[in-house]
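Remarks on the structure that follows.
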Amino acid sequence: MAESLPLEMLTYILSFLPLSDQKEASLVSRTWYCAAQNALREINVRYNIPVSSASLSAIKSLGLRGISCIGLINLDGSPASHQVLQSVAHYLGPHLQSLCLGGGSPTEASFVALILGCPALRILDLSGCNSLFTSGTLLAHPETAQSVQKALSGLRELNLAGLRDLSDPSFNQLSSCAPSLERLSLAYCHLSFEPGLARGFTGSQDYHPAKLSFCNLLRFVKERAGRLHALDLGGTGLPPETLKALGQVAGLQLQELSLHSCRDLSTEAVTTLCRQQPGLTSLDLSGCSELTDGALLAVSRGLRHLRCLCVGKLQRLTDAGCTALGGLRQLQSLDMAECCLDASVFSMIPVLGQSLRVLDLSSCVALTNQTLQAICTYLTHLSVLRLAWCKELCDWGLLGLREPSEEPTHMPQPRPELEHQDSGPKESSLQPRGPSLLVLQALQELDLTACSKLTDASLAKVLQFPQLRQLSLSLLPALTDLGLVAVARGCPSLERLALSHCGRLSDEGWAQAAGSWPRLQHLNLSSCSQLTEQTLDTIGQECKQLRVLDVAMCPSINVAAVRRFRDRLPEVTCVQSRFVGGADLTLTL
């Protein structure tokens, strides 16, 4: 019946599937192959292309398929890189919309030639491409700048993160070639802040020929205020007065602002920002270590439309500040990693249940099993749950059972429709308390790294998530082959799996588990001391989509075994370690 559907309708249907399922669907028939290729073009899938002469045929093939989003890996100033850039411009350039050169070292001439061949670009990532800005003369020639401006007339997003040599002239030259810019990242760039800059800027003193100055950036923001919607200034050391100057720019209506790791920001400055920019839907304040409860109170009162909030590593918060976040009724993603505030998390969970989809409580070491059960009671629509290093979590917490010695608490009562689901025999000493982790059936990512009290007793029963794509069980010393096989059967759609430092896993366990994970792409088995080359053979036979395998510090897997594995599966990147003269040497093959 599906064969009779119009190609456009089949493409639309396949677009709802995860990437791995689309790849599988493309093998059904020629019609399904064409529909899958169309679907892949319509979603934001980036094809990462290693820069070498061996990639030239792949670039031509991607061009024939109309691929519009790529990243170039290991780009430098060599003739091979120049040849690859020419090929990209010729075959992909006319319809390329997103281009990532992050961390590469292209020459200025090859970069300009590439951009001129990509007139449809909407997203450009130059993060870490310091070679383009060392001389300070990029796009200094007026005729070149005019041609590049024509090519970048539709550019909406520009990433300049981590550029140590970015200066006012080079920033101005590049940004002037992108008149339609809406999103800009300058994270971890070396911004200079002059005294008195909050009072405004005048004349040539605001222009620095060798550095990127905040006054120059402020001028840019004022000129683009009506169009600029997203700004990332994380890691720039932004002082409080500069944030106030930024927020009060006339006509500026930011939707997304990232200030992560700006350690000098004050609660007063954030409070002012919330009054100045009430339309923010995404705000990252993680690592702004001077912030107190007042900042979260201001966020809760002033940013009523906030959907994404990151407040990790704010060690000065108390329960009062975090509890206020319950007022953000549209919040979809909340990152509170490294905030040891179990009581506040517990109290706000019931009011976030309708909207929240992503919750990160990593390294909240005081997080209790009662709070986990409250999550299972109220946050049933979660797609991402990160609980790494929450070391107090126990089997009975995941299973929804009451600890034998536990006294009655004031835990919010579960809704009637969420009754306890017991997937195994009841233990006489444990009584039902609330829903188990099993109720979170929408989960696509789960991180239980270093939750060291967990054992097969709970993991084998609750890790049954057909939609789960990413799972980390690293640093769980009690995980055995029994748990591994149960997880394999319960989570067959995994694409990324981390099991590092799980020393009780053996070749026999993998012989039973690997066949359940045909979609596995990234696998971390580092420091799994019992595994041998036999596990490599099993993985090579069963996990045909594997792209990255980490077997570092596995003492029974030597370099020769990894090389034999790579000979059979050359598309897989392998990481392996061995000891040389008392030191550990890590090899990427």
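For the chain, the number of Lys pairs with C-alpha atoms closer than 15 Å, counting only pairs eight or more positions apart or on separate chains, is 4. Using alpha-carbon pairs under 8 Å, 6+ residues apart, how would you state the relative contact order of the range 339-385 in percent? Contact order relative to length: 54 percent.
Only one residue of Cys215, Leu334, Thr318 has its Cα farthest out toward the positive end of the dipole of the range 196-341, where Lys and Arg carry +1 and Asp and Glu -1 on Cβ, and that residue is Cys215. Using a simple spin-label model with pseudo-atoms 7 Å out from Cα toward Cβ, Gln541 and Ala478 lie 3.3 nm apart.
Summing Cβ point charges (Lys, Arg +1; Asp, Glu -1) relative to the Cα centre of the range 87-239 gives a dipole of roughly 300 debye.
Under 5 Å from the amide H of Leu231 lie the amide H atoms of Leu184, Glu256, Leu257, Ser258, each residue being 5 or more positions distant or on a separate chain, with H modelled from the backbone and absent for Pro and chain starts. Using the Cβ-Cβ distance between Leu116 and Met9 with R0 = 51 Å, the FRET efficiency computed as 1/(1 + (r/R0)^6) comes to roughly 0.85.
On the beta carbon distance between Arg263 and Asn48, with R0 = 41 Å, the FRET formula returns roughly 0.80.
Of the beta bridges in the range 250-360, as assigned by DSSP with both residues counted there, near 0 percent are antiparallel. Computed on protein heavy atoms with a 1.4 Å probe, the accessible areas place Phe565, Phe193 in the order Phe193, Phe565, largest first. Can you find, among Gln83, Ser261, Val299, the residue farthest towards the positive end of the dipole of the chain? Put +1 on the C-beta of Lys and Arg, -1 on that of Asp and Glu. Most positive-ward Cα: Gln83.
Shape class for the range 74-166, computed from the alpha carbon gyration tensor (a ≥ b ≥ c): rounded, with a/c under 1.5.
Pair-distance distribution P(r) for the chain, from all Cα-Cα distances in 20 Å bins starting at 0: 18, 45, 34, 3, 0 percent. Extending 7 Å from the Cα toward the beta-carbon at both Gln467 and Asp21 defines two label points whose distance is 0.9 nm. Residue-wise HN-Hα couplings along the range 314-324, as the Karplus relation 6.51 cos²θ - 1.76 cosθ + 1.60 with θ = phi - 60° gives them from phi, are 9, 6, 8, 6, 10, 4, 4, x, 5, 4, 4 Hz; Gly and Pro carry x. The range 492-562 and the range 46-116 have Cα centres spaced 33 Å apart. Net charge within 11 Å of Arg386 by Cβ-Cβ distance, Lys/Arg positive one each and Asp/Glu negative one each, not counting Arg386 itself? With Lys, Arg at +1 and Asp, Glu at -1, the neighbours total -4.
Each Lys and Arg adds +1 at its Cβ and each Asp and Glu adds -1 at its Cβ; summed about the Cα centre, the range 56-156 shows a dipole of about 360 debye. Our coupling estimate for the range 158-170, obtained by passing each phi through the Karplus curve with A = 6.51, B = -1.76, C = 1.60 and θ = phi - 60°, is 10, 10, 10, 5, x, 8, 6, 9, 5, 10, 4, x, 5 Hz, Gly and Pro reported as x. Applying the Karplus relation 6.51 cos²θ - 1.76 cosθ + 1.60 with θ = phi - 60° to the range 242-248 yields 3J(HN,Hα) values of 6, 5, 5, 4, 5, x, 8 Hz, where x marks Gly and Pro. Amide H contacts under 5 Å for Leu155: Ser180, restricted to partners 5 or more places along the chain or on a different chain, H placed in the peptide plane at 1.01 Å from N. Rounded to the nearest 20 debye, the dipole magnitude of the chain is 1080 debye, with +1 charges on Lys and Arg beta carbons, -1 on Asp and Glu beta carbons, and the Cα centre as origin. Rounded to the nearest 5, the antiparallel percentage of DSSP beta bridges internal to the chain is 10%. Relative contact order for the chain: 5 percent, from Cα pairs under 8 Å spaced at least 6 residues apart, divided by residue count. At the residue level, Ser53 shows approximately 80 square angstrom of accessible surface with a 1.4 angstrom probe and all protein chains present.
Counting only other residues whose beta carbon sits under 14 Å from that of Leu155, what net charge do I get with K and R as +1, D and E as -1? For residues surrounding Leu155, the net value is +3. In this structure, the amide hydrogen of Cys574, modeled 1.01 Å from its nitrogen in the peptide plane, lies closer than 5 angstrom to those of Leu549, Leu589, counting only residues at least 5 positions away or on a different chain. Dividing the summed -39500 (n - 2.57) terms of all DSSP H runs of n ≥ 4 by the residue count of the chain sets its mean residue ellipticity at 222 nm at -9000 deg cm²/dmol. Place +1 on the Cβ of every Lys and Arg and -1 on the Cβ of every Asp and Glu in the chain, take the dipole about the Cα centre, and give the residue among Ile349, Gly63, Pro142 whose Cα lies farthest towards its positive end. Selected residue: Pro142.
Other residues whose C-beta falls under 15 angstrom from the C-beta of Cys502 contribute a net charge of -4, scoring Lys and Arg +1 and Asp and Glu -1.
The values are calculated or read from the model by the stated rules, or taken from the named source; none is laboratory data. Predicted model, so just to flag it, every value in this text is computed and none were measured. Reconstructed Cβ throughout: ideal geometry from the backbone, glycine too, with neighbour counts over all protein chains shown. Each accessible area value is taken on the protein alone, full model and side chains, heavy atoms only, with ligands, DNA and RNA left out. Shrake-Rupley method; radii C 1.70, N 1.55, O 1.52, S 1.80 Å.
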